[in-house]
Amino acid sequence: MRHRLSPRASGNSRLLAPLAILLAAGIFAVDTIDQFSGDVSVLYVVVPLLGAGALRRRGIVLSSLACIALTLLSFWLVHGIDASGGALSRCLMSIAAIAITTLLVLKNQATSTDLSEKAQLLDLTHDAIFVRGMDDLVTYWNRGAEAIYGWSAEYAAGKSTHQLLRTVFPASLYEINQELLRSDRWEGELVHTKQDGSAIVVSSRWSLKKDADGKPLAVLETNTDISQRRQAEVEVLKAQADLAHVTRLTTLGELTASIAHEVNQPLAGIVLNSEACLRWVDRDKPDLDEVRSAVRRSIADAQRASDIVRRIRSLAKKGDIEMSLVDLNDIVNESLVLVRRELITNRIALKLNLANRPMPALGDRIQLQQLLINLLINGIQAMTSSDNDLREIIVTTSIDESNQANVRVQDSGPGIDPDSAQQLFKAFFTTKANGIGMGLSICRSIVEAHGGRVWVVPNPGRGAILQFSLPRVEKDAES
Amino acid sequence: MTRGPGLASQQQGNNGIVPPTVLVVEDDALLREALSSLFRSVGMRCQLFGSAPELLNSQLPDGPSCLVLDIRLPEVSGLDFQTQLGKAGIHLPIIFMTGHGDIPMSVRAMKAGAVDFLTKPFRDQDILDAVNGALDRDRQRRERDRALSELQTLLRTLTPREREVMAFVATGLMNKQIAGELQLSEITVKIHRGRLMKKMGARTLADLVRMAAALRITAPKK
């Protein structure tokens with residue numbers, strides 16, 4: 001069943017009008033010359049039928065009237081005024097036949113005009129629209145599809161779309177078809193390959209067409225090319241990553257003193273242990289137990305130093321965003337390595353309330369560490385600028401009812417006044433004398449790039465609470 | 001590498017005298033242990049503390065001791081601790097350990113009387129020299145304290161009159177002048193003076209003057 005919905009003016013239609021006139025003339029001749037003309041005049045019905053292909057509504061009506069006139073003319077020429085009852089009734093039958101045919105033709109034409117106008121509307125859209133049977137063979141292919149994919153409707157007709165477009169599905173085709181049969185529709189993103197070999201990302205919407213008994217007949221697929229949008233999104237992500245990198249370096253700059261301490265500490269340990277070690281060996285009776293424990297401490301210190309250097313390097317490195325399955329509890333602990341000394345220097349007590357279950361989330365480890373470090377530094381700075389006696393930071397991780405992984409950083413600083421809370425995450429908003437207002441705005445872009453959100457939890461009269469949530473990933477999903 | 005000071009302390013320890021004790025306050029457990037190992041390897045005793053309050057809550061040693069303190073400590077910072085100790089009348093010599101770039105802190109600490117300052121990472125000899133210097137200082141202070149308390153004991157054996165006479169003698173007045181001041185006979189002053197010299201164990205006038213200075217005895221002003 002192939003029904004083209006977009007009829008084109010073909011060469012044949014221009015021949016139809018002369019043919020119809022020729023035919024009408026022939027019928028008239030036979031009808032007038034022949035004595036049994038009443039039978040022949042019925043053949044005039046062919047004229048409006050032919051005209052339907054070439055003429056508009058008025059033309060068809062006029063040609064029908066002409067045919068009726070010709071019928072009456074030949075009747076008068078042959079029979080004169082006093083015709084027999086039989087001839088008259090045959091003549092009237094012919095006229096009735098012409099009139100009925102004309103009406104049918106007019107009605108049919110109205111319907112098909114309507115249809116072709118609708119089909120033309122489908123051609124106006126920039127989206128690719130095609131209809132494929134349950135066997136995946138194309139039965140309709142609009143102009144948008146021609147423009148986007150490069151294949152003409154004639155070429156695409158009867159081809160399998162998935163093979164023609166080398167479709168890459170987000171899930172298995174079986175699952176998608178199950179979904180389609182269950183809910184009559186499916187939406188998702190597909191990757192298609194165009195005629196020129198380039199790939200595009202389309203947002204695809206499938207609708208199932210069924211017959212009266214509910215048996216699936218065909219699928220209407222509407223595809224919007226979102227490659228450019230996707231490209232723009234990628235560029236935004238890249239710009240965001242660059243900015244995150246720069247602010248990360250700024251943050252590391254702020255932490256220089258703490259980081260120097262963190263690195264110096266194990267180095268001092270290594271030097272002292274090694275020298276103590278020599279002294280234990282050089283004694284009259286070398287104390288090997290002391291030597292052993294000194295060497296062990298040196299090793300532990302060396303590992304500690306290299307761990308810190310690695311942390312800093314990974315934060316300072318400019319890398320692409322790498323999404324992987326991470327545990328937010330680990331991220332918290334890793335971030336604290338670099339901030340711990342800052343807490344000690346400012347004499348801030350740290351309370352950790354980590355969820356005692358894994359908190360898997362999909363994210364970029366470095367960016368999430370940056371997020372945590374920023375939130376912690378924000379809290380630290382809020383407290384050092386105030387004279388509050390109570391100085392503590394509480395980091396809480398939890399999973400809420402809607403299966404979101406939540407991380408909350410609470411400080412005991414002066415808090416956030418409700419007016420500022422609105423603007424807190426905007427770029428260049430700062431309440432600090434020498435702040436540039438990037439820290440929290442970067443936090444927001446990081447969280448949003450991870451499909452989560454970050455907000456201020458109201459805590460009137462007490463310290464500030466900043467919280468972010470990320471969609472939790474089931475560990476099984478990975479396998 | 002010279003190990004002189006270390007060995008000297010070690011010998012001292014073996015001679016039955018109370019060995020010197022180094023008190024270490026450092027929040028980093030690994031570094032704390034390393035310092036302990038180093039000090040013990042040269043025969044010093046070592047007490048370790050993770051924080052300043054921990055030290056304040058424990059019994060301090062009797063013998064010569066000094067304090068090795070990280071300038072950045074949790075809870076109470078090294079500098080604040082220094083102030084607290086001063087207020088509590090604990091005059092332990094303090095050696096500060098500091099990270100890179102703590103110059104303003106160092107200046108403050110030195111002004112408040114820190115003995116030495118070591119920037120991490122430092123060599124063992126540096127800290128041992130610093131500790132030995134600090135311990136010497138503590139020994140001297142303890143010696144001074146001991147001598148002073150002996151003098152104070154002796155001073156308590158004097159009669160009020162003898163004390164008065166001592167004060168005038170120490171300011172350099174002659175017997176005749178003192179007699180005039182106290183409205184006593186010169187001979188009586190002489191007797192008082194002889195007694196008090198004996199009681200205080202001063203062989204010469206110079207000895208007595210030094211003692212009066214140590215005891216901060218001055219003549220009453222008119």
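Overall dimensions of the stretch B:115-222, expressed as equivalent-ellipsoid semi-axes from the Cα gyration tensor (√(5λ), whole Å, largest first), are 44, 13, 10.
Under Stokes-Einstein, with the Kirkwood radius over Cα pairs standing in for Rh, what whole-number D in µm²/s applies to the stretch B:40-111 at 37 °C and 0.692 mPa s? Translational D for this selection: 249 µm²/s.
Seen against the Cα atoms of chain A and their longest principal axis, helix A:173-183 is set at about 70 degrees. Between helix A:328-345 and chain A there is an angle of about 40 degrees, using the helix long axis and the longest principal axis of the Cα atoms. Near B:Phe117, the amide H atoms lying under 5 Å from its own belong to B:Phe96; only residues 5 or more places off or on other chains count, and H is placed 1.01 Å from N.
Mind checking the full-extension length gain between A:Thr125 and A:Ser386? Use 0.36 nm per residue of separation minus the Cα-Cα distance, one decimal, nm.
Details: separation 261, 0.36 × 261 = 93.96 nm, distance 6.14 nm.
Separation in residues times 0.36 nm, less the Cα-Cα distance, equals 87.8 nm.
Extending 7 Å from the Cα toward the beta-carbon at both A:Leu19 and A:Thr256 defines two label points whose distance is 9.1 nm. Taking a ≥ b ≥ c as the square roots of the eigenvalues of the Cα gyration tensor of the stretch A:88-201, is the shape rounded (a/c under 1.5), prolate (a/b larger than b/c) or oblate? Judged from the Cα gyration tensor, the stretch A:88-201 comes out prolate (a/c at least 1.5, a/b above b/c). Sorting A:Arg132, A:Arg205, A:Arg58 from the fewest to the most surrounding beta carbons within 10 angstrom yields A:Arg58, A:Arg205, A:Arg132. Coordinate range of the alpha-carbon atoms in the stretch A:114-270 per principal axis, descending: 84, 31, 27 Å.
Shown for A:Trp141, A:Trp206: other C-beta atoms within 10 Å of each C-beta, ranked fewest to most, produce the order A:Trp206, A:Trp141. Counting only alpha carbon atoms, the long axis of helix A:256-282 and the longest principal axis of chain A meet at about 50°.
Listing B:Glu143, A:Glu275, A:Glu290 from fewest to most neighbouring C-beta atoms within 10 Å gives B:Glu143, A:Glu290, A:Glu275. With the simple model of a label 7 Å out from the Cα in the direction of the Cβ, B:Lys111 to A:Asp400 spans 5.0 nm. Of the beta bridges in the protein assembly as shown, as assigned by DSSP with both residues counted there, near 70 percent are antiparallel.
Work out the FRET efficiency for B:Met174 and B:Arg216 from their Cβ-Cβ distance, taking R0 = 35 Å, and round it to the nearest 0.05.
0.95
With a cut-off of 12 Å between beta carbons, the residues surrounding A:Glu221 carry a summed charge of +1, where Lys and Arg count +1 and Asp and Glu -1. The alpha-carbon of A:Lys118 sits under 27 angstrom from the alpha-carbons of these lysines, leaving out residues fewer than 8 places away in its chain: A:Lys107, A:Lys159, A:Lys194, A:Lys209, A:Lys210, A:Lys215. Taking amide hydrogens as placed 1.01 Å from N in the peptide plane, the amide H of B:Ala219 sits under 5 Å from that of no residue at least 5 positions away in sequence or on another chain.
Calculated on the alpha-carbon coordinates, the convex hull of the stretch A:347-402 measures out at 110 cubic angstrom per residue. In percent, rounded to a whole number, the relative contact order of chain A is 8, using alpha-carbon pairs under 8 Å and six or more apart. Taking every Cα-Cα distance in the protein assembly as shown and sorting them into 20 Å bins from zero, the calculated P(r) comes out as 12, 23, 21, 15, 11, 7, 6, 3, 1, 0 percent. Taking label positions 7 Å along the Cα-Cβ direction at both A:Asp287 and A:Ser89, the computed distance is 14.0 nm, reported to one decimal.
Tell me the relative contact order for the stretch A:323-479 as a rounded percent, counting alpha carbon contacts under 8 Å between residues six or more apart.
Reported relative contact order: 24 percent.
Residues whose amide H comes within less than 5 Å of that of B:Cys46, counting only those at least five positions distant or on another chain, are B:Val22 (H built at 1.01 Å from N in the peptide plane). Taking the Cα atoms of the stretch A:323-479, the ratio Rg/Rh between the radius of gyration and the Kirkwood radius comes to 0.96.
Using the Cβ-Cβ distance between B:Arg142 and A:Val309 with R0 set to 45 Å, the FRET efficiency works out to roughly 0.50.
Estimate the FRET efficiency between A:Ile321 and A:Lys209 by the formula 1/(1 + (r/R0)^6), using the beta-carbon distance for r and 41 Å for R0, to the nearest 0.05. Computed FRET efficiency for A:Ile321 and A:Lys209: 0.50.
For peptide A:275-281, the mean count of partner chain Cβ atoms within 10 Å of a residue's Cβ comes to 6.
Read the figures in this text as sums done on the coordinates, not as results from a lab. Quick caveat, the model's predicted, so the values are computed rather than measured. Counting neighbours? That spans all protein chains shown, and the Cβs are built from the backbone with ideal geometry, glycine included.
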